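Structure first, commentary second.
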Amino acid sequence: MEKVIYNLVFNRKKQLNTEGEALIQVEAYFNKRKKYFSTKVYVKPNQWDNKRKFIRNHPNMDALNRKIRAFIAELERIELEAWQSGKEFDLNHLKRKEEIASKESFISFFKKETENGTLKDSTRKNHLSTLKLLIFYNKDISFDDITYDFLCSFEHHLLSKGYHKNTIAKHLKHIKRYINLAINKDLFSLQKYPFRKFKIKYSESHREHLTPDELKKIEKVDLSNYHPRYQKSLDAFLFSCYTGLRYSDIIRLTTENILYINSKTWLIYSTQKTETEIRLPLFLLFDGKAIPIIKKYMKDNIQLFGLPDNSNVNKQLAKICKLARVNKKVSFHTARHTNATLLLYNGANITTVQKLLGHKSVRTTQIYSNIMDMTIIKDLEKMKKTHR
C-alpha cells in the first residue's frame, strides 16, 4: 500500500502579506500528484526553520508547532479511514475533508467562549443575546462565512427588524470581540479580518434625565395605596438620583458600605463595571437627601435595598412617573443621568462629577455638559450679571 508523503512548505507563492508574513502549507504527495493544504498559520521568514520544518523565534511557536503537527495527524487519520473503508484512495479525499474542516462553526466557538470565559454575569448575558440573534439569522455560520458582506447583511437584517443603531453596534462589537479572540487562537486568518473594511456605526443617543421640577414631583408622589415594593423601588431610584449609582451597584450595597468619618455619613464602594473605588460624602450631596433613605433600610438586613430584577423595577418606575405626572420614559439609569446633569447645573466642576460617577475618562462625563438647556440659560444669566 502506497502511503501519502506529507511535507511542510513555507511561502510557496514567494509573496509576503502586508504583515510581512507568509503561509505554511502541507504538501501531500501521492501517486505522482501533489495537493496543498492550508494550515492557516502565517509567520515571518525569520521565524521559519526550513531545514528542520518548524517555527522558531515566535512568541507562540510551541502552540503553533503543535497545531501544525495536529493538522498533519488529522490528514493521516483521514487517509487511514479511507484505506480501511476499502475504497480506492486519492488526494481528493483529503481535499474534501479539508473543505469540511474549514467550515468550523463560528457559532459553537462563540458559545463555548461565552460560557467558559471569565465574563461578568451581566456581560455574559449580553453576549448570549448576540449569539441568539446570530443563530436566528443563520444557525450554521462558519468562520469562512464571516466576511465584510456577511457583516453588512447582518446589519441590514437587524435594521429591518427595528433594532436601534446603537443596539446593532453593540451586537457587532460583540462579534468583533470573538473574531479577535479567534485570531489570537489561530482559528481565523488575520488577512480575512472583515472589520478592517467594515466600520461599526453609532448614533448620538438621547440620554433622558429629570429636571429639578420633575425630580420634585417624583419625590412627593404618594404610594401609600400601593404595594411596599413600589416605595422601595422609588427610594432606590431617588437614592441613585442623589448619588449617581448604577443599578448594578445599588443592588450590591450593604451596611458595610456606609461609613461615619468625623460623624459625617460617607458611602464607599467599588463599581462593578470598572472596579473603581468611589468615596461619596452623602452629607454634601443634594443637601444629604440620600442619608434618610439609606437609614430606612439599614435596619432591615445586610443587603440594603433587596430589589427585584431591573426590568421589574423599570415597570414600577413607569407607574410612579405616571402618578407623578412626569411625561417621560424613565428607567432606573435615568437616575444616574439626572445626578450628573443636576450636579453640573448646580455648578460642580466636570472633573469632580467624573470622580463621583467613577468615569475613567472625563470624555465620558462631557456628554452631560451640554445635555440640559437650563444649564446654558443659567450660565448665560450668570455672565449677564457679571457684566452689569
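The values are calculated or read from the model by the stated rules, or taken from the named source; none is laboratory data. Since the structure is predicted, the reported quantities are computational estimates derived from the model, not experimental observations. We place every Cβ from the backbone using ideal geometry, glycine too, and count neighbours over all the protein chains shown.
Tabulated values for the structure
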| item | result |
| --- | --- |
| Hits in the stretch 129-145 - residues which are of a type in the set (V, I, T) and exposed (fewer than 15 other Cβ atoms within 10 Å of the Cβ) | I135 |
| Among (1) polar (S, T, N, Q); (2) on the phi < 0 side of the Ramachandran plot; (3) surrounded by fewer than 17 Cβ atoms within 10 Å (Cβ to Cβ) - the single one S240 does not satisfy | (3) |
| Test result for L307, in contact (Cβ under 8 Å) with a residue 24 or more places away in the chain, assigned to a loop (DSSP other than H, G, I, E, B) and surrounded by 13 or more Cβ atoms within 10 Å (Cβ to Cβ) | yes |
| Sole exception among (1) assigned to a helix (DSSP H, G or I); (2) under 18 Å from K201 (Cα atoms) for I135, by number | (2) |
| Selection status of D287, in a helix (DSSP H, G or I), of a type outside the set (A, V, I, L, M) and touching a Lys or Arg at 6+ places or on another chain (Cβ under 8 Å) | no |
| Count - residues of the stretch 197-238 that are within 18 Å of A318 (Cβ to Cβ), among the aliphatic types (A, V, I, L, M) and assigned to a loop (DSSP other than H, G, I, E, B) | 3 |
| Conditions (1) at pLDDT 80 or above; (2) within 32 Å of the chain's Cα centre (by Cα); number of the one not met by K103 | (1) |
| Residues within the stretch 45-73 that are crowded, with 16+ Cβ neighbours inside 10 Å and of a type in the set (D, E, K, R), tallied | 1 |
| Unmet requirement for E256, which otherwise passes all of (1) more than 20 Å from the chain's Cα centre (by Cα); (2) assigned to a helix (DSSP H, G or I); (3) surrounded by 12 or more Cβ atoms within 10 Å (Cβ to Cβ) | (3) |
| From D213, D222, D300, residue being modelled with pLDDT under 90 and farther than 30 Å from V43 by Cβ | D300 |
